[in-house]
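The values are calculated or read from the model by the stated rules, or taken from the named source; none is laboratory data. Note that the structure is predicted; figures quoted are calculated from it, not measured. We place every Cβ from the backbone using ideal geometry, glycine too, and count neighbours over all the protein chains shown.
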Amino acid sequence: MAKWLKTTDFIIFEVRDRVAYVTLNRPEKRNAMNQQLSQEVHDALREADDLKSVHCVVLQGAGKDFSAGMDLASIASSLEDEDTSAYRGRPGTFDDEYWHLRLAADRRVEAFKMAKPVIAKIHGNCLAGATDIALQCDILIAATDARIGFPATRAIGSPPTHMWLYHVGPQWAKRLLFTGDVIRGSEAAEIGLVMKAVPPEQLDAEVEALAQRIALVAPDLLAAHKRIVNLGLELMGALTLQRLAAENDARAHLSAGYREFFANVSEHGVREAVRLRDEPFGSIEATRGPEA
């Protein structure tokens, strides 16, 4: 039985047996990330970090996907409406775009900065903006058939938070970002993008078992262990790179590809714009085998 259960517009927050389960709950939109959902994830993680009854956190998605990425329709709408735009009525300036992206990026690094361990449970799609959140978690466990990647790098921009380098090294980070290809959970485990991949029917039990095992340790000890590893990442520039990633994404938004993509969204709708973007690539999946 849940000791603590509450819901918001887009989040289910449940605590049981010293583990907090934060569930993205927008399944009719494949848990697509908009500003409100991003803020609610941030707030839920912060609340879990504050609760003395919580030792460990699981971040997961309701329905068929962890999250299919950013809500492109809402982004397109904001770009067209000066009153609600990211640029606060001053469209087109680099500094305004960077300001907006930096605020959003600050929300997405909460899993990294908080004291308690966070496990990302990845099933279905974990794409684009969803990876910005998942890769900030301490441990990622995926279904073998999950799809992880950042297809938006084909046209829209560069990840505004960036842990790819620290998970998979420079060559695989470049391979995935240069093409926008996605990788299956089984191969993601082989290159270190996730810690482990298990068959889909075993994913719930696998994450539950690890979370309960971690929750046997006192929170102050867990915080100490997490802190020293993350300080090591910071010595390698991890948090500085997050700030630079937002600036880099703002610069990428000045590209012709970005303008063309959202012009297609405005004229043809999101689905057709994505089809036009992806059609020249054929398959969207990366592989460790022959590219052909």
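With respect to (1) modelled with pLDDT of 95 or more; (2) outside any helix (DSSP H, G or I); (3) surrounded by 12 or more Cβ atoms within 10 Å (Cβ to Cβ); (4) not acidic (Asp, Glu), the lone exception for Leu216 is condition (3). Of the residues making up the stretch 262-276, none is among the charged types (D, E, K, R) and in contact (Cβ under 8 Å) with a residue 40 or more places away in the chain.
Say whether the condition of being free of Cβ contacts under 8 Å to residues at least 12 places away in the same chain and under 19 Å from Thr131 (Cα atoms) is met by at least one residue in the stretch 174-181.
Narrowing the stretch 174-181 to residues free of Cβ contacts under 8 Å to residues at least 12 places away in the same chain: 174.
With the extra rule that they be under 19 Å from Thr131 (Cα atoms), the set shrinks to 174.
Checked the stretch 174-181: at least one residue is free of Cβ contacts under 8 Å to residues at least 12 places away in the same chain and under 19 Å from Thr131 (Cα atoms).
Across the stretch 242-255, the qualifying residues are those that are of a type outside the set (D, E, K, R) and within 18 Å of Leu72 (Cβ to Cβ), and the one among them that is farthest from the chain's Cα centre (by Cα) is Ser255.
Can you confirm whether the stretch 149-170 contains a residue that is over 29 Å from His253 (Cβ atoms), surrounded by 15 or more Cβ atoms within 10 Å (Cβ to Cβ) and not basic (Lys, Arg)? The answer is no, given that none of the residues of the stretch 149-170 is over 29 Å from His253 (Cβ atoms), surrounded by 15 or more Cβ atoms within 10 Å (Cβ to Cβ) and not basic (Lys, Arg). Can you spot a residue in the stretch 43-51 that is modelled with pLDDT under 95, over 24 Å from Leu221 (Cβ atoms) and surrounded by 14 or more Cβ atoms within 10 Å (Cβ to Cβ)? No, every residue in the stretch 43-51 fails to be modelled with pLDDT under 95, over 24 Å from Leu221 (Cβ atoms) and surrounded by 14 or more Cβ atoms within 10 Å (Cβ to Cβ). One residue alone among Asp106, Asp95 is within 16 Å of the chain's Cα centre (by Cα), surrounded by fewer than 22 Cβ atoms within 10 Å (Cβ to Cβ), free of Cβ contacts under 8 Å to residues at least 60 places away in the same chain and assigned to a helix (DSSP H, G or I), and that residue is Asp106.
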